[in-house]
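One structure is given here, and the rest of the page talks about it.
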Amino acid sequence: MPFLGNIEFHYVSDGVSWVDGGGAFGLVPKIIWEKKLPPDEHNRIPLHLNCLLLKTGGKTILIDTGLGSKFTPKQAAIFGLLPPQGSLVDNLGRLGIASADIDLVINTHLHADHCGGNTRFDVETDRLMPTFPNAEYVVQRLEWADAFLPNERTRATYLPENFEVLQQTGQLTLLNGDAQLAPGVRTVVTRGHTRAHQSVLIESEGQYGLYVGDLASLSYHFERTAWVTAYDVEPLETIETKRCRQHWAVETGAVLMFEHDPHITTATLHQDGRHFKLQPVSYDNPTNAG
């Protein structure tokens with residue numbers, strides 16, 4: 001059972017999304033990035049959907065909820081969901097956690113692959129319902145505004161069915177900047193991927209952790225300051241935010257937790273001159289559906 005200080009944590013999978021490698025690596029030439037993560041015959045790479053479960057202060061906390069299970073076959077193909085897929089709810093169950101046990105859901109941002117599991121379609125009522133009926137859901141206020149007023153570039157990933165019902169049920173809390181949410185757990189705004197993207201900082205008994213979300217979608221992005229995805233709304237802000245967090249991670253020895261990387265889930269960062277290098281840390285593997 002993995003702990004950071006006295007905070008228990010588990011990676012919980014919601015499956016794998018196969019996406020175009022050019023989107024994930026942006027301006028980095030394919031001849032360079034394909035040596036790190038070889039694509040398939042359609043130029044796609046696997047992005048894992050590793051949500052994070054925390055237990056602290058008597059609270060059970062879930063960070064991000066993956067893509068969920070509401071997709072039509074066409075939508076599933078667009079997001080590269082290939083069977084067999086994991087199920088976040090099923091994999092929580094493998095840890096003995098029911099949907100009703102979740103007290104708090106933190107969304108790093110409202111792109112579909114991070115909040116699609118917020119809601120589910122209830123066949124009996126023919127309605128969308130919160131997946132976690134007893135949970136408070138939190139997101140940055142500016143992120144909420146951007147999600148409700150998407151533009152031509154963002155409307156394909158800001159899908160109202162993933163978050164609108166939360167306001168109607170009174171389960172939504174909008175944050176205005178960094179916020180302490182539970183003992184040893186706080187959100188920190190990490191602007192760049194979106195204007196109000198937030199990561200989750202864990203601090204317990206002198207140990208630090210950072211669930212980075214899409215500040216660094218892959219571990220390579222955290223090592224290489226200039227590497228950003230084509231999806232980043234403010235790529236130059238991503239670089240500056242990342243620069244700050246790189247130095248912080250080296251100074252504190254923080255454990256970095258990656259949401260999408262297929263090979264490195266948890267690592268520490270070390271500096272050698274101008275270069276940064278990740279050192280993987282061995283905890284338990286993400287809980288998969290098999």
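Some notes on this structure:
- Qualifying positions in the range 207-242 - under 19 Å from Asp178 (Cβ atoms) and of a type in the set (S, T, N, Q): Thr238, Thr241
- Residue, surrounded by the most Cβ atoms within 10 Å (Cβ to Cβ), within the range 234-266, restricted to residues that are charged (D, E, K, R) and under 17 Å from the mean Cα position of the chain (by Cα): Glu259
- Scanning the range 143-180 for residues that are among the β-branched types (Val, Ile, Thr) and either free of Cβ contacts under 8 Å to residues at least 12 places away in the same chain or not in a helix (DSSP H, G or I) (or both) gives Thr154, Thr157, Thr169, Thr173.
- Only one entry of Lys36, Lys59 meets the criterion of being under 22 Å from Ser217 (Cα atoms) and basic (Lys, Arg), and that entry is Lys36.
- Residue within the range 59-66 that is of a type in the set (Ser, Thr, Tyr), closer than 22 Å to Thr265 by Cβ and modelled with pLDDT of 95 or more present: yes
- Extreme residue, surrounded by the most Cβ atoms within 10 Å (Cβ to Cβ), among residues of the range 134-152 that are aliphatic (A, V, I, L, M) and farther than 12 Å from Leu175 by Cα: Ala147
- The listed residues are Gly22, Gly26, Gly57, Gly66, and the only one of them that is under 29 Å from Leu175 (Cα atoms) and touching a residue at least 60 places away in the same chain (Cβ under 8 Å) turns out to be Gly57.
- Residue ranges of strands (runs of 3 or more DSSP E) in the range 199-290 with at least 2 members of a type in the set (S, T, N, Q): 266-272
Conditions (1) in contact with a helix residue (DSSP H, G or I) (Cβ under 6 Å, 6 or more places away or on another chain); (2) surrounded by fewer than 24 Cβ atoms within 10 Å (Cβ to Cβ), marked per residue:
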| residue | (1), (2) |
| --- | --- |
| Thr169 | no, yes |
| Asp178 | no, yes |
| Arg186 | no, yes |
| Thr190 | yes, no |
| Val200 | no, yes |
| Ser204 | no, yes |
| Tyr208 | yes, yes |
| Asp232 | yes, yes |
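- Here is the figure for the range 234-260: residues that are of a type in the set (Val, Ile, Thr) and closer than 25 Å to Ser204 by Cα total 4.
- Selection from the range 181-190 of residues that are closer than 17 Å to Glu8 by Cα, assigned to a strand (DSSP E or B) and not small (Gly, Ala, Ser): Leu181, Val185, Arg186
- Within this structure, Thr157 passes the test of being β-branched (Val, Ile, Thr) and under 17 Å from Gln75 (Cβ atoms).
- Beta carbons closer than 7 Å, at least 6 apart along the sequence or on distinct chains, pair a first residue in the range 223-251 that is on the phi < 0 side of the Ramachandran plot with a second that is surrounded by fewer than 17 Cβ atoms within 10 Å (Cβ to Cβ) and among the charged types (D, E, K, R) for Glu223/Lys277; Thr225/Arg243; Val233/Arg195; Glu234/Arg195.
The values are calculated or read from the model by the stated rules, or taken from the named source; none is laboratory data. Because the structure is predicted, anything quoted here is derived from the model rather than measured. Virtual Cβ from ideal backbone geometry, glycine too; neighbours counted across all protein chains shown.
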